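**Q** Take a look at this one; I'll ask things after.
Values quoted throughout were computed directly from the atomic coordinates according to the rules given, and no laboratory measurement underlies them. The structure presented is a predicted model; accordingly, all values stated were derived computationally and were not measured. Neighbour counts run over all protein chains shown; Cβ positions are idealised from the backbone, glycine included.
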Amino acid sequence: MTRRILVLFSFIVFMELQAWCQPEQLVVNLPASFKTGHLSFENPRGSVKVTGYDGNVILVTGTPRYSEKAEKQANGMHRIADNDLDISAEVNGSNVMLLCRTTGKTVDFDIKLPRDFSLKLRSLDNGTVEVINVNGEIEAENNNGDIKLDNIAGSAVLSSVSGDITAVFRKVTEGSPMMFTSFEGNICITLPGDTQAGLRIKSETGEIMSDFDIKPSKRKSVMKDVDNKQIWSLEDWVTGTVNGGGPEYIMRTYSGKVCIKKR
Amino acid sequence: MEKYDFDERLSQLIYGDLSPDEKSRIIAGLKVDGMTEEEIMSYVSVAGILDEYPVPDPSERMDRRFYAMLGEEKKKILLGSPDRYESKRSFFLSAWPLMKIAAGIALFILGFATASWINRTSQRNQNQMAQLSGEVKQLKETLVMSMMQQSSPVERIKAVNMISNMDDPESRVISSLLNVLNHDNNDNVRLLALEALIRYSGIKQVRDGLVTSLSHQTSPLIQMRLTDVLVALHETKALPEFRKMLNDESLNYSVRGKINKAVVILL
């Protein structure tokens with residue numbers, strides 16, 4: 001039975017009078033029996049950086065990106081605290097949901113958590129999404145920035161509208177498909193040399209490069225019924241296999257390049 | 001019996017060592033039975049001549065031949081009578097055409113029975129196979145439907161890929177795929193659902209679904225791909241949706257260019 005723990009406003013606030021761009025930190029203590037979990041977080045504006053470490057505490061640090069001098073003084077008084085940033089975490093069994101309120105400001109979040117975590121991250125505006133040293137399934141979306149993954153063991157489903165996608169895998173989950181898409185950015189994936197995968201790649205205007213020995217398959221003919229007529233054309237995707245094939249890795253970009261590197 | 005007595009008496013008369021009284025009594029008896037004296041005497045004289053003629057001893061060669069023939073006869077008796085074999089053979093030869101016809105009929109009946117049995121068995125097997133494959137298909141569809149409800153995008157990608165490989169998915173599967181295209185919270189899963197739906201674009205439900213889906217999409221990559229697909233399908237019903245999208249000021253610049261071209265083509 002899952003126990004619902006609500007951790008609210010566990011702040012350690014460091015205040016300085018000269019400037020109001022101090023980080024806020026939320027500490028979420030996980031039970032000692034906690035082994036693996038799933039964390040979801042959506043930043044309305046700003047970056048998200050998640051780093052895995054050997055510990056049992058989730059540390060969430062929110063830092064407003066632009067400094068705001070505490071010069072608002074009136075009648076000899078100066079501002080001690082503001083109410084611009086709230087962070088909370090909702091723990092339900094192994095699921096952790098981070099919630100934040102930033103009143104429209106750009107805040108960059110740095111999250112430290114135990115290594116074995118699956119993640120669902122999203123930055124809606126003006127930031128990058130970065131994940132380092134995590135073992136698990138990573139789902140990340142970024143509307144206007146890059147997505148960077150480094151030293152990952154697991155799988156990933158990543159999409160960006162205008163940013164680049166870079167992912168370096170130390171190990172990939174066997175039998176697990178992956179997908180990487182960007183509208184205007186480049187996609188560069190680094191995989192272990194012995195990775196077995198089936199590839200489905202499409203770049204509308206860019207190149208597809210790799211140092212793997214990829215055997216591209218011939219594009220199949222596909223038929224469409226159009227106004228009672230049958231129209232045959234070549235399938236849209238370029239397909240191929242790495243090391244004999246395996247789960248499908250799908251990559252698509254409209255105006256970017258695709259590269260698949262050997263680690 | 002009389003004849004036997006007659007022959008016996010004649011034989012005794014010729015070969016027997018009889019007294020003159022007995023001889024005369026037998027001759028008298030034979031005469032009574034209708035033989036003349038000349039006849040009786042001729043028998044006796046011929047017998048006398050024969051007795052006088054020396055009987056040659058059989059040669060060694062004759063002996064060999066005789067024993068060889070005897071051996072053969074014994075063999076024949078042991079192996080079965082050649083006469084009986086001959087009679088059987090002649091019977092078969094005479095009944096051969098009839099037997100051929102009978103064998104033909106028997107073969108025909110046997111063949112018909114075997115064919116009908118095999119047919120019945122294979123029909124039953126086919127029915128069982130069809131039932132089994134139907135059940136497997138239903139199970140697969142139920143599995144896919146439940147996988148599409150999973151929180152993990154990897155599981156949903158797997159589910160969509162499974163649908164892509166189905167030959168004739170049910171309407172509920174198509175509906176759930178359209179639902180994924182319109183409402184899934186991951187753009188990649190949506191894009192993959194669109195790719196899967198392209199395969200079933202011959203179905204009206206899919207075409208209509210693709211048209212209405214335009215208003216649900218915010219990802220430029222999906223908008224671009226969907227526009228391409230609808231243009232390839234000559235789907236003029238999409239024109240009002242395209243016009244609505246063009247009125248949206250936040251529409252991506254590249255997507256706007258693509259839709260403008262699409263409208264020109266479809267008009």
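**Q** Using 0.36 nm times the number of residues separating A:Thr36 and A:Asn75, minus their current alpha carbon distance, what extension gain do you get? Present the calculation step by step, with values, prior to reporting the outcome.
**A** Details: separation 39, 0.36 × 39 = 14.04 nm, distance 5.31 nm.
Contour length minus Cα-Cα distance gives 8.7 nm.
**Q** What are the ³J(HN,Hα) couplings of region A:114-127, residue after residue, when phi is run through the Karplus curve with 6.51, -1.76, 1.60 and θ = phi - 60°? Round to Hz, x for glycine and proline.
**A** x, 4, 7, 9, 8, 10, 10, 10, 8, 10, 7, 7, 6, x
**Q** Pull out the extension gain between A:Met97 and A:Lys262, defined as 0.36 nm times the separation in residues minus the alpha carbon to alpha carbon distance; nm, one decimal.
**A** Details: separation 165, 0.36 × 165 = 59.40 nm, distance 3.45 nm.
Difference between extended and current length: 55.9 nm.
**Q** Could I ask something else about it? Long-range amide H contacts for A:Lys215: which residues qualify at under 5 Å (H placed 1.01 Å from N, peptide plane, sequence gap of 5 or more or a different chain)?
**A** A:Thr241
**Q** Same structure, new question: Please list 3J(HN,Hα) in residue order for region B:116-121, calculated via the Karplus relation 6.51 cos²θ - 1.76 cosθ + 1.60 where θ = phi - 60°; whole Hz, with x for glycine and proline.
**A** 3J(HN,Hα) across region B:116-121, in whole Hz: 5, 5, 5, 4, 5, 5.
**Q** How many nm separate the modelled label positions at B:Glu73 and B:Lys204, each set 7 Å beyond the Cα in the direction of the Cβ?
**A** Each label point is offset 7 Å from its Cα along the Cβ direction, giving 10.2 nm.
**Q** Given a Förster distance of 41 Å, report the FRET efficiency between A:Glu204 and A:Lys229 from their Cβ-Cβ distance, rounded to the nearest 0.05.
**A** Details: r = 26 Å, r/R0 = 0.63.
Working from the Cβ atoms, E equals 0.95.
**Q** How large is the convex hull of the C-alpha atoms of the protein assembly as shown per residue, in Å³? Kindly include the intermediate steps, with their values, before the conclusion.
**A** On the way: hull volume 206.6 nm³, N = 530.
Here the figure is 390 Å³ per residue.
**Q** What's the FRET efficiency of B:Asp248 with B:Gln128 using the Cβ-Cβ distance as r and R₀ = 60 Å, to the nearest 0.05? Mind dumping the intermediate values first?
**A** Working: r = 56 Å, r/R0 = 0.93.
E between B:Asp248 and B:Gln128, to the nearest 0.05, is 0.60.
**Q** B:Lys237 to B:Phe112: FRET efficiency via 1/(1 + (r/R0)^6), r the Cβ-Cβ distance, R0 45 Å, to the nearest 0.05?
**A** Values: r = 59 Å, r/R0 = 1.30.
My answer for the efficiency is 0.15.
**Q** What is the extension gain from B:Asn260 to B:Ala28, computed as 0.36 nm multiplied by their sequence separation minus the C-alpha to C-alpha distance, in nm to one decimal? Walk me through the numbers on the way to the answer.
**A** Values: separation 232, 0.36 × 232 = 83.52 nm, distance 15.46 nm.
Full extension from B:Asn260 to B:Ala28 adds 68.1 nm.
**Q** As I understand it, the dipole of the protein assembly as shown uses +1 on the Cβ of Lys and Arg and -1 on the Cβ of Asp and Glu, about the Cα centre. Which of B:Ser176, A:Val27, B:Gly71 lies farthest toward its positive end?
**A** Checking the options against the dipole of the protein assembly as shown, the answer is A:Val27.
**Q** Inside 10 Å of the C-beta atoms of B:203-216, what's the mean count of C-beta atoms belonging to other chains?
**A** On the way: counts 1, 0, 0, 0, 1, 0, 0, 0, 0, 0, 0, 0, 0, 0.
Mean partner shielding for this stretch: 0.
**Q** Within a 10 angstrom radius of each residue's Cβ in B:183-192, how many Cβ atoms of other chains show up on average? Whole number is fine. Walk me through the numbers on the way to the answer.
**A** Details: counts 0, 0, 4, 9, 9, 11, 4, 1, 5, 8.
Average neighbour count from other chains, rounded to a whole number: 5.
**Q** What value, in deg cm²/dmol to 500, does the helix sum -39500 (n - 2.57) over DSSP H runs of n ≥ 4 give at 222 nm once divided by the residues of chain B? Numbers along the way, then the final one.
**A** Details: 12 runs with 211 residues, N = 267.
Here the helix-only value at 222 nm equals -26500 deg cm²/dmol.
**Q** Another question about this same structure. Sort region A:100-182 into rounded, prolate or oblate with this rule: let a ≥ b ≥ c be the square roots of the eigenvalues of the Cα gyration tensor; rounded if a/c is under 1.5, and if a/c is not under 1.5, prolate when a/b is larger than b/c, oblate otherwise.
**A** Taking the square roots of the gyration eigenvalues as a ≥ b ≥ c, region A:100-182 is oblate.
**Q** Using only the Cα atoms of region B:169-267, build the gyration tensor, take square roots of its eigenvalues as a ≥ b ≥ c, and label the shape rounded, prolate or oblate: rounded if a/c is under 1.5, else prolate if a/b is larger than b/c, else oblate. Display every interim value, and only then the final one.
**A** Details: a/c = 2.10, a/b = 1.38, b/c = 1.52.
In terms of gyration-tensor shape, oblate.
**Q** Now a separate question. Tally Lys and Arg at +1 and Asp and Glu at -1 over the other residues with C-beta under 13 Å from the C-beta of B:Met69: what net charge comes out? List each step's numbers first, then the result.
**A** On the way: positive: B:Arg61, B:Arg64, B:Arg65, B:Lys74, B:Lys75, B:Lys76; negative: B:Asp63, B:Glu72, B:Glu73.
Residues near B:Met69 contribute +3 overall.
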